[in-house]
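**Student:** Below you will find the structure I want to go over with you.
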Amino acid sequence: GAGVSQSPSNKVTEKGKDVELRCDPISGHTALYWYRQSLGQGLEFLIYFQGNSAPDKSGLPSDRFSAERTGGSVSTLTIQRTQQEDSAVYLCASSLRRGSGLEAFFGQGTRLTVV
Amino acid sequence: AQSVTQLDSHVSVSEGTPVLLRCNYSSSYSPSLFWYVQHPNKGLQLLLKYTSAATLVKGINGFEAEFKKSETSFHLTKPSAHMSDAAEYFCVVTNQGGKLIFGQGTELSVKP
């Protein structure tokens, strides 16, 4: 597609359940990022993939959070045993390659609500 | 380590008046800086970026920003606000590995 695609756009889940959020980056983009945006807050970095390098997981808030990127393209963010504080908009972005001057393109986000 | 501070959480202007959204950064090397805009219920869109070329950067929708190394600032301006400019604005710095570091955001309100 022309842009970064995220699915689902909205997800309501019960506390304690696992959820998977999907990100389809722009074709050919080797860098992929996950961020979280809570109500009234800025963007919190979660994880960063770049090509075949080991991902930068330094932003994952707990071991309930994990992410993978298959074949250097699609990425899935998994949250196990969801808690109410996990409610947020999860944003995915991709850029052409690793580099400090390159624009990142963002998806529309997945709004996760844990009830 | 890199960091970015947006000095105002909320700015309110009247339509047709100038806009100033302030951003200060901290970086141990020559940074790349960006401004992104997020309209309600929309994704993040790049407004403009600075990558060590011209210090005055022009972006979309009439916005521009000036990189001032001596002041470690990258303030966003627009001569005349429009109602459609009402949105959340984020100042962003990247580290050498490409990780985007976001400021807390400034909500811009435009009054008729």
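The values are calculated or read from the model by the stated rules, or taken from the named source; none is laboratory data. Note that the coordinates shown come from a computational prediction; the quantities given were computed from them, not determined experimentally. When we count neighbours, we look across all protein chains shown, and the Cβ atoms used for this are built from the backbone with ideal geometry, even at glycine. Accessible surface is based on the protein model in full, side chains and every heavy atom, while ligands, DNA and RNA are left aside. Shrake-Rupley method; radii C 1.70, N 1.55, O 1.52, S 1.80 Å.
**Student:** Among the residues of segment A:75-115, count how many are open to solvent by 30 Å² or more (accessible area, probe 1.4 Å) and either of a type in the set (F, W, Y) or in a helix (DSSP H, G or I) (or both).
**Tutor:** Matching residues across segment A:75-115 total 3.
**Student:** In addition: Out of curiosity, is A:Q6 open to solvent by less than 50 Å² (accessible area, probe 1.4 Å), modelled with pLDDT of 95 or more and not aromatic (F, W, Y)?
**Tutor:** Numbers: open to solvent by less than 50 Å² (accessible area, probe 1.4 Å): yes; modelled with pLDDT of 95 or more: yes; not aromatic (F, W, Y): yes.
Considered against the rule, which asks whether it is open to solvent by less than 50 Å² (accessible area, probe 1.4 Å), modelled with pLDDT of 95 or more and not aromatic (F, W, Y), A:Q6 comes out as yes.
**Student:** Also, I was wondering about something else. Of all residues being more than 11 Å from chain B (Cβ to nearest Cβ) and of a type in the set (S, T, N, Q) in segment A:30-60, which is surrounded by the most Cβ atoms within 10 Å (Cβ to Cβ)? Just the residue, please.
**Tutor:** Filtering segment A:30-60 for residues that are more than 11 Å from chain B (Cβ to nearest Cβ) and of a type in the set (S, T, N, Q), the one surrounded by the most Cβ atoms within 10 Å (Cβ to Cβ) comes out as A:S38.
**Student:** Right, another one. Specify the residue that is farthest from B:K78 (Cα to Cα); the eligible residues are those in segment B:12-24 that are under 11 Å from the mean Cα position of the chain (by Cα) and either among the polar types (S, T, N, Q) or within 13 Å of chain A (Cβ to nearest Cβ) (or both).
**Tutor:** B:N24
**Student:** Among the residues of segment B:71-86, write down those that are under 29 Å from A:S58 (Cβ atoms) and in a strand (DSSP E or B).
**Tutor:** B:S73, B:F74, B:L76
**Student:** Residues that are closer than 29 Å to B:E107 by Cβ: list the strands (runs of 3 or more DSSP E) wholly contained in segment A:1-74 that include at least 2 such residues.
**Tutor:** The qualifying strands (runs of 3 or more DSSP E) are A:5-7, A:10-13, A:19-24, A:31-37, A:43-50.
**Student:** Inside segment B:1-38, can you point out the residues that are surrounded by fewer than 17 Cβ atoms within 10 Å (Cβ to Cβ), over 25 Å from B:Q96 (Cα atoms) and hydrophobic (A, V, I, L, M, F, W, C)?
**Tutor:** B:L20
**Student:** Filter segment B:27-52 down to residues that are hydroxyl-bearing (S, T, Y) and out of contact with any Gly (no Cβ under 7 Å at 6 or more places or on another chain) and give me whichever is modelled with the highest pLDDT.
**Tutor:** Residue satisfying both the conditions and the ranking: B:Y36.
Matching residues to (1) of a type in the set (F, W, Y); (2) more than 9 Å from chain A (Cβ to nearest Cβ); (3) open to solvent by less than 50 Å² (accessible area, probe 1.4 Å); (4) farther than 23 Å from A:L39 by Cα:
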position: B:S73; (1), (2), (3), (4): no, yes, yes, yes
position: B:A81; (1), (2), (3), (4): no, yes, yes, yes
position: B:S84; (1), (2), (3), (4): no, yes, no, no
position: B:Y89; (1), (2), (3), (4): yes, yes, yes, no
position: B:V92; (1), (2), (3), (4): no, no, yes, no
position: B:G103; (1), (2), (3), (4): no, no, yes, no
position: B:S109; (1), (2), (3), (4): no, yes, yes, no
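**Student:** In segment B:30-62, which residue that is touching a residue at least 40 places away in the same chain (Cβ under 8 Å), touching a strand residue (DSSP E or B) at 6+ places or on another chain (Cβ under 6 Å) and not in a strand (DSSP E or B) is nearest to the other protein chains (Cβ to nearest Cβ)?
**Tutor:** B:P31
**Student:** Among the residues of segment A:13-29, what is the count of those that are open to solvent by 80 Å² or more (accessible area, probe 1.4 Å) and either modelled with pLDDT under 90 or within 17 Å of the chain's Cα centre (by Cα) (or both)?
**Tutor:** Number of matching residues: 4.
**Student:** Considering each residue of segment A:62-74, count those that are touching a residue at least 24 places away in the same chain (Cβ under 8 Å) and either crowded, with 17+ Cβ neighbours inside 10 Å or within 22 Å of A:V114 (Cα to Cα) (or both), and give that number. I'd like the intermediate steps shown before the answer.
**Tutor:** If we filter segment A:62-74 for residues that are touching a residue at least 24 places away in the same chain (Cβ under 8 Å), which is where we start, we get A:67, A:69, A:72-74.
Next, from what is left, pick out any that are either crowded, with 17+ Cβ neighbours inside 10 Å or within 22 Å of A:V114 (Cα to Cα) (or both): A:67, A:69.
Going through segment A:62-74 one residue at a time, the tally reaches 2.
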